[in-house]
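The values are calculated or read from the model by the stated rules, or taken from the named source; none is laboratory data. On a predicted model such as this, the values are computed, not experimentally measured, just so you know. When we count neighbours, we look across all protein chains shown, and the Cβ atoms used for this are built from the backbone with ideal geometry, even at glycine. When the accessible area is computed, the model is the full protein with side chains, heavy atoms only, and any ligands, DNA or RNA have been set aside. Shrake-Rupley method; radii C 1.70, N 1.55, O 1.52, S 1.80 Å.
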Amino acid sequence: LASIGLTTAPAPAESLSPARLWLGESAARAGFWQDLGPLALPSGRIFVGDPTWGDDYHIRDPRPLAGPLQVFTRTDPDGPNLLIWLEANGNRPAATGDRIEFGVDVATIGLGDLGAGQALVDLGEALQDQGKGDSFEWLQPALQQQQHFARWLPIPPEDQPILLVSTGNDGSYAAVWLLDERGELSGILIDIAGRQPDLKFLDTLLPAAP
(Lines give C-alpha, C1' and ligand atoms only; values in the text may rest on other atoms or scores of the structure.)
Protein backbone atom coordinates (compact mmCIF):
# COMPACT_ATOMS: atom_id res chain seq x y z
CA LEU A 1 0.00 0.00 0.00
CA ALA A 2 2.88 2.36 0.58
CA SER A 3 3.62 2.10 -3.13
CA ILE A 4 0.42 3.97 -3.98
CA GLY A 5 0.90 6.56 -1.26
CA LEU A 6 -2.11 6.08 1.01
CA THR A 7 -2.24 8.84 3.59
CA THR A 8 -2.79 8.38 7.31
CA ALA A 9 -6.15 8.32 9.09
CA PRO A 10 -8.02 11.64 9.40
CA ALA A 11 -7.96 13.60 12.64
CA PRO A 12 -11.12 14.08 14.74
CA ALA A 13 -12.91 17.33 14.01
CA GLU A 14 -12.79 19.97 16.73
CA SER A 15 -15.37 22.77 17.11
CA LEU A 16 -18.48 22.41 14.95
CA SER A 17 -19.71 25.03 12.51
CA PRO A 18 -23.42 25.91 12.40
CA ALA A 19 -23.68 23.77 9.26
CA ARG A 20 -22.22 20.69 10.89
CA LEU A 21 -24.40 21.21 13.96
CA TRP A 22 -27.46 21.29 11.68
CA LEU A 23 -26.35 18.20 9.77
CA GLY A 24 -25.75 16.22 12.94
CA GLU A 25 -29.04 17.24 14.53
CA SER A 26 -31.03 16.63 11.34
CA ALA A 27 -29.56 13.16 10.85
CA ALA A 28 -30.90 12.10 14.27
CA ARG A 29 -28.34 9.32 14.49
CA ALA A 30 -25.14 8.73 16.44
CA GLY A 31 -21.96 9.70 14.67
CA PHE A 32 -18.70 11.57 14.95
CA TRP A 33 -16.98 14.08 12.68
CA GLN A 34 -13.55 13.63 11.17
CA ASP A 35 -11.52 16.40 9.53
CA LEU A 36 -9.69 15.26 6.39
CA GLY A 37 -8.11 18.62 5.67
CA PRO A 38 -8.50 21.09 2.80
CA LEU A 39 -9.52 20.34 -0.78
CA ALA A 40 -7.62 22.62 -3.13
CA LEU A 41 -9.15 23.28 -6.54
CA PRO A 42 -6.37 24.71 -8.71
CA SER A 43 -8.36 24.06 -11.91
CA GLY A 44 -11.39 25.90 -10.51
CA ARG A 45 -13.55 22.80 -11.09
CA ILE A 46 -14.59 19.84 -8.94
CA PHE A 47 -15.47 16.29 -9.91
CA VAL A 48 -17.58 13.87 -7.87
CA GLY A 49 -18.38 10.34 -8.95
CA ASP A 50 -17.40 6.67 -9.05
CA PRO A 51 -13.66 6.51 -9.88
CA THR A 52 -13.59 2.73 -10.36
CA TRP A 53 -15.02 2.30 -13.86
CA GLY A 54 -11.58 2.32 -15.49
CA ASP A 55 -12.51 5.22 -17.79
CA ASP A 56 -13.58 8.87 -17.50
CA TYR A 57 -17.02 8.31 -15.94
CA HIS A 58 -16.12 10.16 -12.75
CA ILE A 59 -15.20 13.42 -14.54
CA ARG A 60 -18.05 13.67 -17.05
CA ASP A 61 -20.04 16.23 -15.01
CA PRO A 62 -17.56 18.64 -13.37
CA ARG A 63 -18.69 21.97 -11.91
CA PRO A 64 -16.93 25.31 -11.48
CA LEU A 65 -16.02 25.92 -7.87
CA ALA A 66 -13.61 28.13 -5.96
CA GLY A 67 -11.52 26.43 -3.31
CA PRO A 68 -10.23 25.54 -0.93
CA LEU A 69 -12.99 23.69 0.92
CA GLN A 70 -12.51 21.89 4.23
CA VAL A 71 -13.39 18.20 3.96
CA PHE A 72 -15.24 16.34 6.71
CA THR A 73 -16.89 12.97 7.05
CA ARG A 74 -19.47 11.96 9.63
CA THR A 75 -19.04 8.35 10.64
CA ASP A 76 -21.17 5.81 12.48
CA PRO A 77 -19.58 4.56 15.74
CA ASP A 78 -19.48 1.08 14.15
CA GLY A 79 -17.47 2.35 11.18
CA PRO A 80 -19.66 3.14 8.14
CA ASN A 81 -19.50 6.63 6.65
CA LEU A 82 -22.76 8.55 7.06
CA LEU A 83 -22.02 11.61 4.91
CA ILE A 84 -19.33 13.73 3.27
CA TRP A 85 -19.32 17.49 3.87
CA LEU A 86 -17.17 19.92 1.87
CA GLU A 87 -17.38 23.08 3.94
CA ALA A 88 -17.24 26.58 2.45
CA ASN A 89 -18.47 29.28 4.88
CA GLY A 90 -20.09 26.72 7.21
CA ASN A 91 -23.19 28.81 7.90
CA ARG A 92 -26.48 27.07 8.71
CA PRO A 93 -27.98 25.74 5.45
CA ALA A 94 -31.24 27.32 4.33
CA ALA A 95 -31.72 26.07 0.75
CA THR A 96 -30.29 23.80 -1.93
CA GLY A 97 -28.58 24.91 -5.11
CA ASP A 98 -26.62 23.02 -7.76
CA ARG A 99 -26.17 19.23 -7.67
CA ILE A 100 -24.17 16.44 -9.29
CA GLU A 101 -25.98 13.11 -9.49
CA PHE A 102 -24.01 9.89 -9.97
CA GLY A 103 -24.04 6.16 -9.30
CA VAL A 104 -21.47 3.91 -7.64
CA ASP A 105 -20.81 0.24 -8.41
CA VAL A 106 -17.97 -0.60 -6.02
CA ALA A 107 -19.37 1.18 -2.94
CA THR A 108 -16.86 4.02 -3.30
CA ILE A 109 -17.18 7.74 -4.01
CA GLY A 110 -14.29 9.70 -5.44
CA LEU A 111 -13.92 13.47 -5.56
CA GLY A 112 -11.32 16.13 -6.06
CA ASP A 113 -9.97 18.75 -8.38
CA LEU A 114 -10.75 18.06 -12.03
CA GLY A 115 -7.02 17.95 -12.77
CA ALA A 116 -6.60 15.04 -10.34
CA GLY A 117 -9.60 13.27 -11.86
CA GLN A 118 -8.08 13.64 -15.31
CA ALA A 119 -4.75 12.34 -13.98
CA LEU A 120 -6.54 9.12 -12.97
CA VAL A 121 -7.96 8.80 -16.49
CA ASP A 122 -4.51 9.37 -17.99
CA LEU A 123 -3.00 6.79 -15.62
CA GLY A 124 -5.57 4.20 -16.67
CA GLU A 125 -4.87 4.80 -20.35
CA ALA A 126 -1.12 4.51 -19.78
CA LEU A 127 -1.56 1.23 -17.89
CA GLN A 128 -3.71 -0.14 -20.70
CA ASP A 129 -1.10 0.84 -23.29
CA GLN A 130 1.52 -1.02 -21.24
CA GLY A 131 -0.67 -4.11 -20.85
CA LYS A 132 -0.86 -3.58 -17.07
CA GLY A 133 -4.63 -3.40 -16.60
CA ASP A 134 -6.42 -0.11 -16.02
CA SER A 135 -7.12 2.46 -13.32
CA PHE A 136 -9.63 0.16 -11.57
CA GLU A 137 -6.99 -2.51 -11.05
CA TRP A 138 -4.57 0.16 -9.84
CA LEU A 139 -7.15 1.37 -7.31
CA GLN A 140 -8.05 -2.06 -5.96
CA PRO A 141 -5.44 -2.19 -3.15
CA ALA A 142 -6.78 1.09 -1.78
CA LEU A 143 -10.35 -0.21 -1.92
CA GLN A 144 -9.58 -3.56 -0.29
CA GLN A 145 -7.45 -2.40 2.62
CA GLN A 146 -10.43 -2.18 4.98
CA GLN A 147 -14.22 -2.23 4.85
CA HIS A 148 -14.83 1.41 5.82
CA PHE A 149 -12.47 4.19 4.80
CA ALA A 150 -12.07 7.86 3.90
CA ARG A 151 -8.62 8.75 2.63
CA TRP A 152 -6.65 10.80 0.15
CA LEU A 153 -4.90 8.96 -2.65
CA PRO A 154 -2.20 10.75 -4.70
CA ILE A 155 -2.37 10.07 -8.44
CA PRO A 156 0.95 9.86 -10.31
CA PRO A 157 2.95 11.28 -11.88
CA GLU A 158 2.44 14.54 -9.96
CA ASP A 159 0.68 13.07 -6.90
CA GLN A 160 -2.50 15.10 -7.36
CA PRO A 161 -4.85 13.88 -4.59
CA ILE A 162 -8.32 12.46 -4.91
CA LEU A 163 -10.51 11.56 -1.95
CA LEU A 164 -11.89 8.02 -1.73
CA VAL A 165 -14.83 7.39 0.63
CA SER A 166 -16.57 4.06 1.16
CA THR A 167 -20.38 4.00 1.10
CA GLY A 168 -21.07 0.45 2.25
CA ASN A 169 -23.49 -0.02 -0.64
CA ASP A 170 -23.80 0.55 -4.36
CA GLY A 171 -26.50 2.92 -5.55
CA SER A 172 -27.35 6.46 -6.60
CA TYR A 173 -26.02 9.49 -4.75
CA ALA A 174 -25.83 13.26 -5.20
CA ALA A 175 -23.44 16.04 -4.28
CA VAL A 176 -25.74 18.93 -3.35
CA TRP A 177 -24.75 22.58 -2.92
CA LEU A 178 -26.26 23.84 0.38
CA LEU A 179 -26.73 27.61 0.59
CA ASP A 180 -27.08 29.86 3.63
CA GLU A 181 -29.82 32.44 4.11
CA ARG A 182 -27.88 34.95 1.98
CA GLY A 183 -27.62 32.48 -0.90
CA GLU A 184 -23.90 31.93 -0.34
CA LEU A 185 -22.32 28.48 -0.33
CA SER A 186 -22.34 26.86 3.10
CA GLY A 187 -20.89 23.64 1.72
CA ILE A 188 -21.47 20.61 -0.49
CA LEU A 189 -23.26 17.62 1.03
CA ILE A 190 -23.01 14.02 -0.13
CA ASP A 191 -25.46 12.17 2.11
CA ILE A 192 -24.75 8.46 2.24
CA ALA A 193 -27.02 7.09 4.99
CA GLY A 194 -29.90 9.59 5.30
CA ARG A 195 -31.60 10.45 8.56
CA GLN A 196 -33.23 8.13 11.05
CA PRO A 197 -35.83 6.71 10.97
CA ASP A 198 -37.09 7.44 7.44
CA LEU A 199 -33.69 7.48 5.61
CA LYS A 200 -34.51 10.76 3.84
CA PHE A 201 -31.41 12.45 2.49
CA LEU A 202 -30.72 15.60 4.49
CA ASP A 203 -30.75 17.89 1.46
CA THR A 204 -34.42 16.96 0.89
CA LEU A 205 -35.26 18.70 4.19
CA LEU A 206 -34.41 22.06 2.60
CA PRO A 207 -36.26 24.02 -0.10
CA ALA A 208 -34.66 24.69 -3.45
CA ALA A 209 -33.21 28.17 -3.80
CA PRO A 210 -35.48 30.53 -5.75
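Assess whether Ser26 counts as being farther than 29 Å from Ala126 by Cα, at pLDDT 95 or above, touching a Gly at 6+ places or on another chain (Cβ under 6 Å) and among the polar types (S, T, N, Q). Taking the combined requirement at face value, the residue does not satisfy it. Can you confirm whether Pro161 is touching a helix residue (DSSP H, G or I) at 6+ places or on another chain (Cβ under 8 Å), more than 17 Å from Asp56 (Cβ to Cβ) and at pLDDT 95 or above? It is true that Pro161 is touching a helix residue (DSSP H, G or I) at 6+ places or on another chain (Cβ under 8 Å), more than 17 Å from Asp56 (Cβ to Cβ) and at pLDDT 95 or above. Only residues that are modelled with pLDDT of 90 or more and within 15 Å of the chain's Cα centre (by Cα): list them for the range 128-153, please. Correct list: His148, Phe149, Ala150, Arg151, Trp152, Leu153.
Can you give me the number of residues within the range 130-154 that are basic (Lys, Arg), assigned to a loop (DSSP other than H, G, I, E, B) and open to solvent by less than 50 Å² (accessible area, probe 1.4 Å)?
Going through the range 130-154, the residues basic (Lys, Arg) turn out to be 132, 151.
Narrowing further to those that are assigned to a loop (DSSP other than H, G, I, E, B): 132.
From what's left, open to solvent by less than 50 Å² (accessible area, probe 1.4 Å): none.
Going through the range 130-154 one residue at a time, the tally reaches 0.
Residue-by-condition table, conditions (1) open to solvent by less than 50 Å² (accessible area, probe 1.4 Å); (2) within 20 Å of Gln160 (Cα to Cα); (3) part of a helix (DSSP H, G or I); (4) of a type in the set (Val, Ile, Thr):
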position: Leu86; (1), (2), (3), (4): yes, yes, no, no
position: Arg92; (1), (2), (3), (4): no, no, no, no
position: Arg99; (1), (2), (3), (4): no, no, no, no
position: Ile109; (1), (2), (3), (4): yes, yes, no, yes
position: Gly115; (1), (2), (3), (4): yes, yes, yes, no
position: Ala126; (1), (2), (3), (4): yes, yes, yes, no
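Filtering the range 163-194 to residues that are open to solvent by 20 Å² or more (accessible area, probe 1.4 Å) and over 22 Å from Gln147 (Cα atoms) leaves Trp177, Leu179, Glu181, Arg182, Gly183, Glu184, Leu185.
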